[in-house]
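One structure is given here, and the rest of the page talks about it.
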Amino acid sequence: MALSRKKKIIIGSSIAALLAIVVVASIFATRKDTPEVTVVKVESRPELRSTVTSSGEVRPIQFMNLTSEVQGKIEEITKKEGDVVEKGEVLVRLDPNQLESSTDAQLAAYQSAQDDVRSSQSQVTAAQNNLAQSQQSLNQAQVAVDSSRQGVITSQTEVDRAQVEVNAAQREMKRNEQLLESGVIARKEFDEARDRVENARASLETARARLESQRIAVKDSQARLASQQVAVRDARRAVDTAGINVNSSQSRADQQAAVLRGSRNQRDKSVVIAPINGVIAEIPSKVGTFAVAGLSTTALLTIADMSQINVEVKVDETEIDKVAVGQKAKIKVDAFGENELDGEVLQKTPLAVGKSQTSGGLSTNINVQEAKEFRVVIRLVNLSNDMQAALRPGMSATAEITTKTAQNVVAVPLQAVIEKKPEGDQGSNSIPNAPQPSEKPKPIKGVYVLEGNKAKFVAVETGITGESDIQIVSGLSEGQDVITGPSRILNTLKEDTVVKKQEKKEGATPKA
């Protein structure tokens, strides 16, 4: 027989009421009237350190990437990865045959240019000798002109003297002619006077002929002088030309010498020498491969300068302001277990690096949701020789940087400190359109202390924060009991709340 609609409603209500009773009963069964709390006693710590912990890797002071500066097949690689090298050691040898042939050709060209220089210098010497001879001939021609001119003067004097003698002989002959007509002298004396006139005239003609000859000699000497002057000019021009040839030959020789030096330098680069002391970090090339130079130069090997070893870590942007140059650090290298190394902050880069970036610098695409990090370089100090030799570039390391240190401080666990709203801060004002304060009251930082069986809120002033504790500058004293948890109860406590001190059971851990 089917149940009526009224009976169905009554049965459903009864079941619902029964379930409600069961739920309420279970709630009250599990509820405790007095909350249990964890309590610690305030103690003075000899030291509290604020630290920043970051991971990174061992890095040398610098990497020296050696690449091929010339082309050639790699014939020999003398070292292996991890080998220690000293400056000046031979690391790689390339096939030098082509470079040596080029150097020999340039040497021959240089020697030929040197021969041209010596030939040009001999031409200069010959031209200078020719100039000296021409100058000497010019001087002789000048002397000849001067001598010829002196001869003209002498001949002119002889002509004048002969003319005087002719005139004197003619006068004497006229007197003798008159005396002969008068019968005073004999015919013989007249003839002798006439002969003297003829002799004087002959001497005059001879003197005139000698004068003319001297004048012709002057003209010849002047012509030879002019010719020698031209020869001297030509000889000087030849000297100048020979000097220009010497300079040109010397310039070509200097050019060939420069090319030869470059060729020798290229040849010498077929042997790669270690530029620094260090450790071979990587050898990407192999013997037998052909090394190229230029824009796509072949990487030969990488040397790590381990004279000073650093550890580079990445510090989160929320903690980078605590890190400063000169702060001390403790380093743990994964390869050496729990051994701690001393370090000192050497550098803090100013640019952030996104966690998705592989290198530092400003990114063109800004991602405000991506966490940023800063690169911090820590220098390892007080390293033993064995440890320095054992460290290798790229080893994973963790650095604990001490940012602040306080001595003899009062400290409590971090979870004991809470922030509480000031009394009277009940959110919005109940009066409509009432003016709001310009600044919200700052929350009060404090702890709950246990006095008897009641929780009392005490405002405190905090200092530096350690790994699990925080410094209390004022507000607490040694010996007080501070409530540290559980956090679900600590955040709900109120002034004078009755609490129960939780008894720790052996092997049990209080719930947070």
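The values are calculated or read from the model by the stated rules, or taken from the named source; none is laboratory data. The structure displayed is predicted, hence computed values, not measured ones. In this analysis, Cβ positions are derived from the backbone assuming ideal geometry, glycine residues included, and neighbour counts consider all displayed protein chains.
Within the stretch 54-92, take every residue that is surrounded by 17 or more Cβ atoms within 10 Å (Cβ to Cβ) and among the basic types (K, R) and give me the one that is farthest from A299 (Cα to Cα). If we take residues in the stretch 54-92 being surrounded by 17 or more Cβ atoms within 10 Å (Cβ to Cβ) and among the basic types (K, R), then R59 is farthest from A299 (Cα to Cα). Looking at the stretch 246-269, is at least one residue closer than 30 Å to D160 by Cβ and free of Cβ contacts under 8 Å to residues at least 12 places away in the same chain? No: zero hits. Restricting A411, A397, A459 to residues that are over 53 Å from the mean Cα position of the chain (by Cα), among the hydrophobic types (A, V, I, L, M, F, W, C) and at pLDDT 85 or above narrows the list to A459. Is there a residue in the stretch 116-136 that is under 26 Å from N199 (Cα atoms) and assigned by TED's automatic domain parsing to the domain that holds R215? Checking the stretch 116-136: not a single residue is under 26 Å from N199 (Cα atoms) and assigned by TED's automatic domain parsing to the domain that holds R215. Considering the stretch 42-53, and only residues there that are surrounded by 14 or more Cβ atoms within 10 Å (Cβ to Cβ) and not charged (D, E, K, R), the residue that is farthest from K269 (Cα to Cα) turns out to be V42.
Any chance the stretch 139-152 includes a residue that's part of a helix (DSSP H, G or I), surrounded by 14 or more Cβ atoms within 10 Å (Cβ to Cβ) and either of a type in the set (V, I, T) or modelled with pLDDT of 90 or more (or both)? Yes: one or more hits. Among the residues in the stretch 43-50, are any within 30 Å of V447 (Cα to Cα) and among the hydrophobic types (A, V, I, L, M, F, W, C)? Yes.
How do the strands (runs of 3 or more DSSP E) wholly within the stretch 206-319 filter down when requiring 3 or more residues that are at negative phi, touching a Gly at 6+ places or on another chain (Cβ under 7 Å) and surrounded by 16 or more Cβ atoms within 10 Å (Cβ to Cβ): which remain?
Details: elements: 271-273, 278-282, 299-316.
The qualifying strands (runs of 3 or more DSSP E) are 299-316.
In the set (1) of a type outside the set (F, W, Y); (2) within 23 Å of K79 (Cα to Cα); (3) at pLDDT 90 or above, A258 fails one condition alone, (2).
Of the numbered criteria (1) under 30 Å from A390 (Cα atoms); (2) in contact with an Asp or Glu (Cβ under 9 Å, 6 or more places away or on another chain), the one G288 fails is (1).
Taking first residues from the stretch 160-185 that are in contact (Cβ under 8 Å) with a residue 12 or more places away in the chain and partners that are among the aliphatic types (A, V, I, L, M) and not in a helix (DSSP H, G or I), the Cβ contacts under 8 Å between residues at least 6 apart in sequence or on separate chains come to N176/I185.
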